[in-house]
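Readers should treat all values here as calculations from the given coordinates under stated rules, not as data from a laboratory. The structure displayed is predicted, hence computed values, not measured ones. Glycine gets a Cβ as well: all are built from the backbone with ideal geometry, and neighbour counts include every protein chain shown.
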């Protein structure tokens, strides 16, 4: 299964080596984010740390922004995977790349110039990701995705953690995986929403290779053990 790209080679398309687990700090304790990042670090732990940025406009929720991302960058060595659920990402996204985010994902439904957005993110030192809401057709974005490194397929409606996984999104994942296998796309296929010990197996079988998990990790007594367990499920 295709996934991991070395953080030391930003701006290049590299051979993949393993699946990625990206715990979402949306489910973490915001008063202790440095500790929560450390809780999923270590052997067999998180590959990326997923950071959900919401503006209460594009989605009906308000979370954290660029100052917190800058603080997190200084507090952890984990690559930051910033998912921008915001209006006008053309204005704001590059700032997250400049702050040291490894991957910055914008929404297809919000970005005005997706091709320029991808180029700008890479020029600023980050991978470029494009996210599709459940109702957004993958086929409408295939050409644009040739300029991106990550495709984030939402398996819930964006805006809140703890929602139920939408298995009907697996058709979109399968089609994306087919396009990667046939060389039409060279993206990491990421899923986000309702990922837990049961649903991660469904998503992996459909062809996802990067898995965002929030409550399944941070509601566990031992977050690092939870990440390792998710990884074992994917590997099986």
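The residues 189, 68, when put in order of fewest to most other Cβ atoms within 10 Å, stand as 68, 189. Just checking the listed ones, 202, 21, 86: in the Gaussian network model of the chain with Cα springs under 10 Å, the one fluctuating most is 202. Of all DSSP beta bridges confined to the stretch 15-235, the antiparallel ones make up roughly 5%. Once each part is reduced to its C-alpha centroid, what is the distance from the stretch 35-93 to the stretch 150-206 in angstrom? Measuring centre to centre over Cα atoms gives 19 Å. When only Cα pairs below 8 angstrom with a gap of at least 6 residues are kept, the stretch 11-142 shows a relative contact order of 19 percent. What number, in percent, do you get for the relative contact order of the stretch 140-236 if the mean sequence gap of Cα pairs under 8 Å and at least 6 apart is divided by its residue count? For the stretch 140-236, the relative contact order is 28 percent. Only DSSP H runs of four or more residues enter the estimate; each adds -39500 (n - 2.57), and after division by the residues of the chain the mean residue ellipticity at 222 nm equals -9000 deg cm²/dmol.
Largest GNM mean-square fluctuation across 103, 56, 196, computed for the chain with C-alpha springs under 10 Å, falls on 56.
Here the gap between residue 74 and residue 142, fully extended at 0.36 nm per residue and compared with their Cα-Cα distance, gives a gain of 20.9 nm. Shape class for the stretch 116-167, computed from the alpha carbon gyration tensor (a ≥ b ≥ c): oblate, with a/c not under 1.5 and a/b at or below b/c.
Stretched out fully, how many nm does the piece from residue 198 to residue 221 gain, at 0.36 nm a residue minus the Cα gap? Difference between extended and current length: 6.5 nm. Residues 174, 236, 91, 231 in ascending order of nearby Cβ atoms (within 10 Å, fewest first): 236, 91, 174, 231.
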